[in-house]
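Contents: one structure, followed by commentary.
All of the numbers you see were taken from the coordinates with simple rules; none came from a lab. If you're wondering where the values come from, they're calculated on a predicted model, not measured in any experiment. Virtual Cβ from ideal backbone geometry, glycine too; neighbours counted across all protein chains shown.
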Amino acid sequence: MRSYAVQRALLAVVQLAVLSVLVFVLTSLLPGDAAELRFTETLTPDQVARLRGELGLDQPAPERFVHWLGNVLRGDLGTSLISGGPVVDIVRNSIGATLVLTVATLAVVVPLAVALGIVMGTRENGRIDRVITSITLALSAIPDFVIAVVLVAIFSLRLGWLPATWVGGNLLASPALLVLPVAVLFGRTVCLLSRQVRAGTINALHAEYVVQARRLGIPRRQLLLRHVLPNAAVPGVQELARTGDTLLGGVLVVEAIFAIPGFATALVDGVETRDITAVQGLTLVLAVAALLINLAADLVCNRLVPRTALLR
Amino acid sequence: MGVSVVLVVAPLLLAVLGPLVPYDARPGLPYSPEGSLGTDGLGRDVFGLLLVGGRTALGMAFGAVVLAYVVGGLIGLVAASTRHRWLDEGLMRPLDVLLPLPSLLVISVVAVGWQASAVAITVAVAMVNVPTVARLVRAAALDAASGPVVEALRMQRESWFTIQVGYIGRSVLGPVAADLGTRITLAVFLVASVNFLGLGLSPTAPDWAVSVSRNREGLLLQPWSVLAPAILLVSFTLGFNLLADRLVHRSLVVA
């Protein structure tokens, strides 16, 4: 166990190093820098060049990378090229709304998906299984933004029950604001997750050790909770890590539709205004989060079923 | 089976043949009921838009998946068939590193950076899919290569080509077909999301996803301007999901 954790953590460190280079290269490749984009119409080429020097955009890329990385390691993500404020502040201001959205969604999705997955898996090909499978299949085929557009039209425009856009204030203080966004994010994630748990349950139920345990007369309840669930959870946990990706895409769409000033909105703004330092900072934070989620998922899976090996 | 084929084929036909249909789309007032499906927020005929909007909505996704399979499939097959461990590691390890990159993030950076060209978005969506495709193909090929059939073929002194392409290459096709359904759905989703967010094609493009985004305020005034493109997209992804599900079941039965 210890050695697996160490190996996996080392892989994460390597991933982090490569990702930081990637993030820098990818964002540096954006054609047209902030100096050009902001001022081409009002400034002479001469002035643009001077501004570029002030922003440090005229130095060669490797030098900028070393400088940037050094600052990042000290917790300084640089200053925004557009607002002039520290990028750390942009991250801090935008991360709250996104975290609230994600955590609220997961709090609804995970228990429900596990329950649904076990219900389906223990009744393989029964009527209940087929009905839930069809519903989840259908639901997972509808893009987030279609669900969002339709829900907003029905519940806020037609019926007027729920607010359609964020108007300011704390997301947590007004749960009504969260209902529609979470409902949108809920749909696809619950489908993907419950299907994995179902598959895991079915696999575990067919495994020899479960058949044997059943022969020994272990009560069904104990069998399910102690022997089937840990194995069934492995694909579920891995899917959950991947769900982070789906969820982020969904969060982007949801934040755009409901005008929630979250991480995704900050990122899109940054890309559009060529605020390279902001994009670098936000992307790095996201990539690190994704890495940590994957690391945690792998460690949990290894704890549940220790046979999963790192080296192929 | 029949239903899912119809669900897939109907939007597909519209996307492929739609631009060829001579249709006289007269501009009218915004959100008016003129024409067969009314007009959209810019006063354009919704049916006329549907005819030309499928090419980008589905074509970009298709292109991306094909590209992802060409690149990822090649990497996976080479990694699985090589006898050199360093080549296998050298091909697959970098992909492990790329795997956790949030896909929409990569795509939006590329899309905005390269002036939202359709080609750039297609390539970006493909690149995001390469690591998973490579893993899948490699695992499937190794699975086939380690079985008794390959051992028997080797003992019969069959040629490298017969074993690698004739047997292993063919046995990879099963898992690939099952994966294809979900992957195309995901690609359609990604392309549609990028376009919906306004990071991709221009906001006046006739693309189905862009239409849903642009006309969403008019959903209650003139529902077809939003619902018609949305239904086409959903029909396509739903049909593909159902087909993929069936394929997975069949391959399980065979195995």
Give me the net charge of B:G72's neighbourhood, meaning all other residues with Cβ under 12 Å from the Cβ of B:G72; Lys, Arg count +1, Asp, Glu -1.
+2
FRET efficiency for A:R64 and A:R303, using Cβ-Cβ distance with R0 set to 51 Å, rounded to 0.05:
0.80
Inter-chain shielding metric for A:275-287, i.e. average beta-carbon neighbours from other chains within 10 angstrom, reads 1
How many partner chain Cβ atoms sit within 10 Å of a residue's Cβ in peptide A:129-139, on average, as a whole number?
1
Taking the Cβ of A:A12 as the center, what net charge do the other residues with Cβ under 13 Å away carry, scoring Lys and Arg +1 and Asp and Glu -1?
-1
With the crude spin-label approximation of a point 7 Å out along Cα→Cβ, what separation in nm comes out for A:A9 versus A:R214?
4.1 nm
At q = 0.15, 0.19 Å⁻¹, what is the log10 ratio I(q)/I(0) for region A:185-312, with the Debye formula run over Cα points and no solvent?
-0.82, -1.06
Calculated FRET efficiency for the pair B:R93/A:D89, C-beta based, R₀ 41 Å, to 0.05
0.65
Output the peptides B:155-163, B:55-63 sorted from most to least packed, where packing is the average of other Cβ atoms within 10 Å over each peptide's residues.
B:55-63, B:155-163
Could you give the distance between the Cα centres of region B:174-241 and region A:211-249, to the whole Å?
34 Å
Show me the ranking of peptides B:206-218, A:65-77, A:232-244 by mean Cβ neighbours inside 10 Å, starting with the highest.
B:206-218, A:232-244, A:65-77
When you look at the Cβ of every residue in B:195-206, what mean number of other chain Cβ atoms sits within 10 Å?
2
